[in-house]
Amino acid sequence: MTGLLLVNLGTPDEPQAKAVRRYLREFLSDPRVIDINPVGRAALLNLFILPFRPKKSAAAYRQVWTDRGSPLLSHSVDLTFAVQARLPGWAVELGMRYGAPSIESALTRLRDRGADRIVVFPLYPHYSSASTGSSIEEVFRIVSKLWVTPSLATVEPFYDAPSFIRAFAERGRPMIEQERPDHILFSYHGLPERHMHKSDSTGQHCLAASGCCDHIVPQNRHCYRAQCYATTRALVKELGLSEGSYGTSFQSRLGRTPWIRPYTDVELGDLARQGKRRLLVFCPAFVADCLETLEEIGIRGRHDFIAAGGESLSLVPSLNAMPSWADAVVSLVRAQAARYGADEHPAA
């Protein structure tokens with residue numbers, strides 16, 4: 001049987017400081033996330049982050065928590081069921097890189113269901129070592145301990161895949177018609193600038209010029225920022241947006257080191273001061289609504305934009321488990337499986 005492992009980043013078990021601290025410790029201890037020397041990482045985590053951030057983050061989580069718990073988890077579970085219904089001959093399971101359900105438990109369930117060929121689908125449209133790289137590394141780490149290792153294939157970043165773009169455009173088009181915004185902002189999760197430099201094997205392209213992300217070329221094909229701009233270009237084309245009616249920015253920065261620009265929180269204030277009154281925000285780096293979309297943009301971002309002089313900020317819901325997104329996942333998975341024959345012998 002062929003198995004499909006859907007992977008997302010993770011979430012605390014509950015919106016309380018103790019659970020958030022446990023989650024942040026696991027997340028931020030990953031050397032692919034905070035990529036500095038181990039001593040510096042431990043000091044940063046234990047002296048500056050864990051003593052203060054869990055309480056603040058727990059309060060933010062409580063604003064978006066639902067009767068089903070974490071939105072990220074509930075939407076990911078719903079997507080898993082939707083994809084399983086579309087792949088009746090497969091075993092489909094969900095694993096989180098950090099927290100529960102873990103990748104290891106998901107792989108165990110796949111093996112218990114008889115899957116000896118597994119397609120791994122990191123649900124991150126854009127490649128970053130801190131998300132995609134870490135998730136794939138964790139799968140390999142777990143599988144390497146098995147006596148009989150399954151065949152593995154990985155779905156590549158899908159930042160400009162037509163099915164992904166169409167699904168997000170389908171999500172946003174009715175809101176554009178309803179809200180009639182005077183500006184649209186595509187806000188992506190940010191990363192430290194050094195991560196872009198590390199992805200450039202030439203050492204001469206990424207962030208070396210203002211137009212370095214204008215096109216995908218061999219030097220930036222693994223660059224997170226370049227892939228985000230490619231998503232913006234694809235959505236702009238699909239939605240038929242006019243030049244000057246949209247922008248791209250990056251949110252969720254942490255610490256004092258330079259992160260990729262422009263910063264979303266700064267852009268929100270600037271746009272309001274420029275006279276933009278009705279703002280619509282897409283968050284295409286997130287395929288499931290989570291703290292970064294619902295609280296950071298939908299609550300805090302809206303407050304900051306209005307405080308700076310804007311009238312309204314509307315958040316385009318993420319793809320979650322919408323049918324066209326579930327269809328897109330299946331098409332991306334089948335395309336990858338076909339490359340190594342995993343879809344040729346589905347179980348009865």
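At-a-glance table
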| read-out | value |
| --- | --- |
| Heavy atoms of R166 accessible to a 1.4 Å probe, total area in Å² rounded to 10 | 130 Å² |
| Heavy atoms of I118: accessible area, 1.4 Å probe, square angstrom to 10 | 0 Å² |
| Protein-only accessible surface order, largest first, of S105, S128 at 1.4 Å | S105, S128 |
| D13 - accessible surface, heavy atoms, 1.4 Å probe, Å² rounded to 10 | 100 Å² |
| As computed over the chain, the Cα convex hull volume per residue (Å³) | 147 Å³ |
| Gyration tensor verdict on the stretch 93-244 (Cα atoms; rounded if a/c is under 1.5, prolate if a/b is larger than b/c, oblate otherwise) | oblate |
| Accessible-area ranking of F286, F168, largest first, probe 1.4 Å | F286, F168 |
| Solvent-accessible area per residue, Å², over the chain with all protein chains present [probe radius 1.4 Å] | 46 Å² |
| Within the accessible area of the chain (1.4 Å probe), percent carbon and sulfur | 53 percent |
| T154, T231, reordered so the largest accessible area comes first (probe 1.4 Å) | T154, T231 |
| Distribution of pairwise C-alpha distances over the stretch 230-348, 10 Å bins, in % | 12, 33, 30, 15, 8, 3, 0 |
| J(HN,Hα) series, the stretch 29-41, from Karplus relation 6.51 cos²θ - 1.76 cosθ + 1.60, nearest Hz, glycine and proline x | 7, 5, x, 7, 8, 9, 8, 10, 4, x, 5, x, 5 |
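The values are calculated or read from the model by the stated rules, or taken from the named source; none is laboratory data. Computed from a prediction, not measured in an experiment: that's the story for all the values here. Quick note on the areas: whole protein, heavy atoms, side chains included, nothing else; ligands and nucleic acids left out. Shrake-Rupley method; radii C 1.70, N 1.55, O 1.52, S 1.80 Å.
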